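Student: First, the structure itself, so that you have it in front of you.
Just so it is clear, none of the values below were taken in a lab; they were calculated from the coordinates. Everything numeric here is computed off the predicted structure, so don't read it as measured data. So basically every Cβ, Gly included, is an ideal-geometry build from the backbone, and we count neighbours across all protein chains shown.
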Amino acid sequence: MDKRVTFKGWALPLLLIAPQAAISAVFFFYPAGQAVWQSLFIPDPFGLSSQFVGLENFTYLLGDPYYRAAFATTAVFSGLVTLCSMVPALFLAVMADRLVKGAGTYRTLLIWPYAVAPAVAGVLWLFMFNTRVGVVSWYLGQLGYDWNHVLNQGEAMGLVVIASSWGRISYNFLFFFAALQAVPKSVIEAAAIDGARFWRRFFTIVLPLLSPTTFFLLVVNVVYSFFETFGVIHTITGGGPQQATTILVYKVFSDGFVGQDLGSSSAQSVILLLVVGALTVLQFKFLEKRVHY
Amino acid sequence: MKRFALGILAAGTTALTPIAASAQTEIQFWHAFTGRLGELVATQVEEFNAAQDDYTVTAVYKGNYSETLNAGIAAFRAGEQPHVLMVFEVGTATMMGAEGAVRPVYQVMEESGAEFDPDAYIGAVKGYYTTTDGRMLSLPFNSSTPVLWVNRDRLEGAGIDPDTDLTTWDQVGEVLDQLAAAGEQCPLVTAWQSWIHLENLSAYHDVPFASQENGFAGADAELMLNGELQVAHIAKMGEWAKDGKFVYTGRRNEGGANFRSGDCALFTESSAGYAGIKAEAGFDFDVRPLPYWEGAGNAPQNTIIGGASLWVMEGHEAPEYEGVAEFLNYLSSTPVQAQWHQDTGYLPITIAAGEATRDAGFYDENPGTDVAVMQMTRNEPTANSKGIRLGSFDQIRGIIDEELEAVWAGDKTAQEALDSAKERGDQLLRRFERTAR
């Protein structure tokens, strides 16, 4: 039988959720509502006049091959960022978990990059890979590889993926590390006595036990790669070369704040909102079934 | 009791002090200059504040050109706009379309009764910010034009006479061949590719960049940047890029670092690159006029400007506009402009400032600093060479950058890239036309 704790009456529960509801209303529902409303207009930049155009902003966007290409770019970018920020984080967490001596120091050092703002991280990586003075590009040059992310689309994508994932590894590490600590030692010891080696124990016992954390991080990282990577892309490539690193959120920025086309920009925010919402729902619907709490 | 009274008195005086100080009318000036240029602007403002008692100008740095424009727009929407906003030349059409948000400079000057003679400004500078019926909408502030920077040591190192003639692109091509043959890694580099190699290229050869007099005559303009001359020029540049004779470094002025460090032999960049190059270059350098294609169009016509102008925003009190007028007059006064021109390499925007600079012997001491002035003023501007006024132009430049990158990478031919740039740019122009209605 379910054990349920319920409030008597409505006043207290409403009061308790009021702060969160207020924050959601002010920082989410109001701006999101504004975006939906504005997406139906073509306004001038200064807000002096605007014309109602119905869904024209949407048909204009979906008919634009460059906008559709941004979907593909975003899919590749998000997939790579999620992968590159979660796999190394898990590996590092497992390794740090095995440490007996100096675990605290390693942990602290591994968490540091998270304190660096994305735009700053972007500048750091840009500097290291600078085609003229960059340390990494110099070494690559010594190895006979001519690094030029200014013109090479693949290299540009690689660079923004690395720069976006780097700080994120720390965040993921923190969660994986905490989750690993919660894995009962007795289960692992039993498996060890049965003769299972480390990696076998890891794949058959630890990984399934980590699934709630992995799932949570998957959702959070996909959302991160969709939105918060803006600063990295803005500082490193500005969406180029050509359109190689123009992800959806960057296009929202460039149409809205470079082109001052607020109608199109709002329409793109709405589309982006729907895409991320749908993606999250799908994740919960299909992946969560495989998660054991 | 006595102590209490003293306390009241003390509190009263501290409360009164700021009121006394704010008797001066405050004028907000938002600009996009940081570093050396920011210091120079700060000095100008300080001198203005010290020179009179009625107004205090507060200069605020609001980020790069695009960010400053956006800050101004956002502030206007919130009713917090500054009095004076610096807007780069690409944003001109956006500001002109904003009737009710900006107060034209000729009107500000007229109403305040300040002395103001639009004819004091250099024609090519004034034309950019003036309506077709001759009314000046914004005050030209910093204007520059592209020139060719030459690293003489690099030429000499490759066995080329550093005084060799680089007037035409054919001559430049030959020099690039020799530099490449001598093993130079960076024969030619550029900044602001769309501005220099398409917009100025078109004006310099007197061919249109867009219809409707480059947008001056109407918002229904279409891009014409895929004409024969432009395609031929970009095709040649693409060829140079493929052969390693032209090195692409980025969309903005990233190439400046390569040139100033002495890596590159030739550099097409704004005349305003002067301050940086002079400060950093550890080599012998030269300024030459921008090259042109012999026999193509009417070259050499005149080049056009880049830079920014000052727009006066609506929504303030009448006495404040008088202060604005006084401040703008101060900024375009001959000594201020002459000093600015000599410090930065920006053009002297008034004829008098140019003459004062010449009389002071500046051009004799710093040879080449007048190249930009001569290049801009060598001919009376035509419909194709007085400037470009297109909506969403900042973003159109972004599209042009993308398409040019496809050429430099060898993914598209010049014709394909410029056709595509026209098609995509025209879409934005049509959208802008609707907002301007």
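Student: Region A:205-266 to region B:208-229: how many Å between their Cα centroids?
Tutor: 36 Å
Student: Sticking with this structure for a sec: Hey, can you rank B:196-202, A:179-185, B:286-292 by average C-beta count inside 10 Å, highest first?
Tutor: Ranking, from highest mean packing down: B:196-202, B:286-292, A:179-185.
Student: Oh, and also: Which order do peptides B:120-133, B:299-312, A:52-65, A:210-223 fall in by mean Cβ count within 10 Å, highest first?
Tutor: Packing order, densest peptide first, comes out as B:299-312, B:120-133, A:210-223, A:52-65.
Student: Which residues does the label zone of B:Gln185 cover in region B:263-307, counting backbone N under 18 Å from a point 7 Å along Cα→Cβ?
Tutor: B:263-267, B:282-283
Student: With a cut-off of 8 Å between alpha carbons and a minimum separation of six or more residues, what is the relative contact order of chain B in percent?
Tutor: This gives 25 percent for chain B.
Student: Follow-up question, since we're still on this one. With the dipole of the protein assembly as shown worked out from charges on the C-beta (+1 for Lys and Arg, -1 for Asp and Glu) around the Cα centre, which of B:Asn64, B:Tyr204, A:Gly167 lies farthest toward the positive end?
Tutor: A:Gly167
Student: Something else about it: When the distances between all Cα atoms of the protein assembly as shown are binned every 10 Å from zero, what whole-number percent does each bin get?
Tutor: 3, 12, 20, 22, 18, 12, 8, 4, 1, 0
Student: So if I place +1 on the C-beta of Lys and Arg and -1 on the C-beta of Asp and Glu, and nothing else carries charge, what would the dipole magnitude of region B:262-400 be about its Cα centre? I want it in debye, nearest 20.
Tutor: Rounded to the nearest 20 debye, it is 540 debye.
Student: Could you state the angle between the C-alpha long axis of helix B:334-344 and the longest principal axis of the C-alpha atoms of chain B, as a value from 0 to 90 degrees rounded to the nearest 10?
Tutor: 50 degrees
Student: If you split all Cα-Cα distances of region B:242-367 into 10 Å bins from zero, what percentages do you get per bin, shortest first?
Tutor: Per 10 Å bin, starting at 0, the Cα pair percentages come out as 10, 29, 31, 20, 8, 2, 0.
Student: Sticking with this one: Can you list residues from other chains, or at least 5 along the same chain, whose modelled amide H is less than 5 Å from the amide H of B:Phe285?
Tutor: Here B:Arg152 satisfy the definition.
Student: Calculate the length of the line joining the C-alpha centroid of region B:311-369 to that of region B:111-176, in whole Å.
Tutor: 16 Å
Student: For B:Phe33, what residues show an amide H to amide H distance below 5 Å, using hydrogens built from the backbone and excluding near sequence neighbours?
Tutor: For B:Phe33, whose amide H was placed from the backbone, the distant partners under 5 Å are B:Lys62.
Student: Stretched out fully, how many nm does the piece from A:Phe203 to A:Leu83 gain, at 0.36 nm a residue minus the Cα gap?
Tutor: Going from the current span to full extension adds 41.4 nm.
Student: Using 1/(1 + (r/R0)^6) with R0 = 56 angstrom and r between the beta carbons of A:Phe52 and B:Glu294, what's the FRET efficiency to the nearest 0.05?
Tutor: 0.55
Student: Determine the shape class of chain A: with a ≥ b ≥ c the square roots of the Cα gyration tensor eigenvalues, call it rounded for a/c under 1.5, and otherwise prolate if a/b is greater than b/c, oblate otherwise.
Tutor: Verdict is oblate for chain A.
Student: While we're here: To the nearest 0.05, how large is the calculated FRET efficiency for A:Ala21 and A:Asp64 if R₀ is 25 Å and r is the Cβ-Cβ distance?
Tutor: The value I calculate is 0.10.
Student: If you take the C-alpha gyration tensor of region A:125-266, multiply each eigenvalue by 5 and take the square root, what semi-axes do you get, largest first, in whole Å?
Tutor: Its equivalent ellipsoid spans semi-axes of 40, 23, 10 Å.
Student: Then there's this: Subtracting the Cα-Cα distance from 0.36 nm times the residue separation, let me have the gained length for B:Gln24 to B:Ala383 in nm, one decimal.
Tutor: Extra length available between B:Gln24 and B:Ala383 comes to 124.8 nm.
Student: Could I ask something else about it? First obtain the Kirkwood hydrodynamic radius of region A:28-84 from its Cα pairs, then insert it into the Stokes-Einstein equation at 10 °C and 1.306 mPa s, and state the resulting D in µm² per second as a whole number.
Tutor: My calculation gives 116 µm²/s for D.
Student: To continue, here is another question. Along the Cα-to-Cβ line of B:Arg252, 7 Å from the Cα, sits a label point; which residues in region B:285-310 have backbone N less than 19 Å from it?
Tutor: Only B:306-309 pass the distance filter.
Student: Compute the Kirkwood hydrodynamic radius of region A:78-164, taking the inverse of the mean of 1/r over all pairs of distinct Cα atoms, and give it in Å to one decimal.
Tutor: For region A:78-164, the Kirkwood estimate is 14.8 Å.
Student: If you take the beta carbon distance between A:Asp146 and B:Tyr61 as r and set R0 to 35 Å, what does 1/(1 + (r/R0)^6) give as a FRET efficiency, to the nearest 0.05?
Tutor: The value I calculate is 0.40.
Student: Follow-up. So for the pair A:Val100, A:Ser211, with labels modelled 7 Å out along Cα→Cβ, what separation do we get in nm?
Tutor: According to this spin-label approximation, the distance is 3.4 nm.
Student: Let me ask another. Within chain A, which complete DSSP H helices have Cα atoms spanning at least 27 Å along the helix axis and a mean Kyte-Doolittle hydropathy of 1.6 or higher?
Tutor: Going by DSSP H runs, the hits are A:262-282.
Student: Just checking the output field for B:243-254: average partner chain Cβ neighbours within 10 Å of each residue's Cβ?
Tutor: If you average over the peptide's residues, the count of other-chain Cβ atoms is 3.
Student: Roughly what would the spin-label model give for B:Ala235 and B:Gln427, points 7 Å off Cα along C-beta, in nm?
Tutor: Distance between label points: 2.7 nm.
Student: Also, I was wondering about something else. Per the Debye formula with a single identical scatterer at each Cα and no solvent contribution, what log10 I(q)/I(0) holds for region B:220-312 at q = 0.16 Å⁻¹?
Tutor: -0.93
Student: Pairs of alpha-carbon atoms within less than 8 angstrom and 6+ residues apart define the contacts here; what relative contact order does region A:232-293 have, in percent?
Tutor: 19 percent
Student: Just going by the charge dipole of region B:288-353, with Lys and Arg at +1 and Asp and Glu at -1 on Cβ, which of B:Gly297, B:Ala325, B:Pro348 is farthest out on the positive end?
Tutor: Among B:Gly297, B:Ala325, B:Pro348, the one farthest towards the positive end of the dipole of region B:288-353 is B:Gly297.
Student: Hey, if you drop one equal point scatterer on each alpha-carbon of chain B and run the Debye formula without solvent, what base-10 log of I(q)/I(0) do you get at q = 0.06, 0.08 Å⁻¹?
Tutor: -0.28, -0.48
Student: Restricting to Cα pairs below 8 Å that are 6+ residues apart, what does the relative contact order work out to for region A:9-121? Please round to a whole percent.
Tutor: With pairs under 8 Å counted, the relative contact order is 10 percent.
Student: Determine the alpha carbon to alpha carbon distance for each of B:Lys126/B:Lys412; B:Lys278/B:Lys412; A:Lys101/A:Lys285; B:Lys126/B:Lys422; A:Lys185/A:Lys289 and list only those over 32 Å.
Tutor: B:Lys126/B:Lys412; B:Lys278/B:Lys412; A:Lys101/A:Lys285
Student: First obtain the Kirkwood hydrodynamic radius of region B:351-423 from its Cα pairs, then insert it into the Stokes-Einstein equation at 4 °C and 1.567 mPa s, and state the resulting D in µm² per second as a whole number.
Tutor: Reported coefficient: 82 µm²/s.
Student: Counting only the backbone N, which residues of region A:157-174 are under 20 Å from the spot 7 Å out from the Cα of A:Leu109 toward its beta-carbon?
Tutor: Residues A:166-174 qualify, since their backbone N sits under 20 Å from the label point.
Student: Largest first and to the nearest Å, give the Cα extent of region A:26-148 along each principal axis.
Tutor: 65, 42, 27 Å, listed from the longest principal axis down.
Student: Cysteines without a disulfide-compatible partner in the protein assembly as shown, using Cβ under 4.7 Å as the rule?
Tutor: So, A:Cys84.
Student: Note down the nm distance, to one decimal, between modelled labels 7 Å out along Cα→Cβ at A:Ala75 and at B:Asp170.
Tutor: Output for this residue pair reads 5.2 nm.
Student: What average number of partner chain Cβ atoms lie no more than 10 Å from the Cβ of the residues making up B:151-160?
Tutor: 0
Student: Further, regarding this structure: So, with +1 on the Cβ of K and R and -1 on the Cβ of D and E, and no other charges, what is the size of the charge dipole of the protein assembly as shown about its Cα centre, to the nearest 20 debye?
Tutor: It comes to approximately 5080 debye.
Student: Want the number for A:Val133 to A:Lys289: 0.36 nm per residue separation, take away the alpha-carbon distance, what's left?
Tutor: Separation in residues times 0.36 nm, less the Cα-Cα distance, equals 51.2 nm.
Student: For chain B, take the longest principal axis of its alpha carbons; what is the angle in degrees between that and the long axis of helix B:228-242, to the nearest 10 within 0 to 90?
Tutor: The two axes meet at around 80 degrees.
Student: For B:Ser270, enumerate residues with amide H under 5 Å from its amide H, sequence gap 5+ or separate chain, H modeled in the peptide plane.
Tutor: The list, which skips near neighbours in sequence, is B:Val147.
Student: Hey, another quick one. What does the average come to when, for each residue of peptide A:144-156, you count the partner chain Cβ atoms lying within 10 Å of its Cβ?
Tutor: 2
Student: Between 0 and 90 degrees, rounded to the nearest ten: what's the tilt of helix B:2-21 against the longest Cα principal axis of chain B?
Tutor: Long axis of B:2-21 versus the principal axis of chain B: about 40 degrees.
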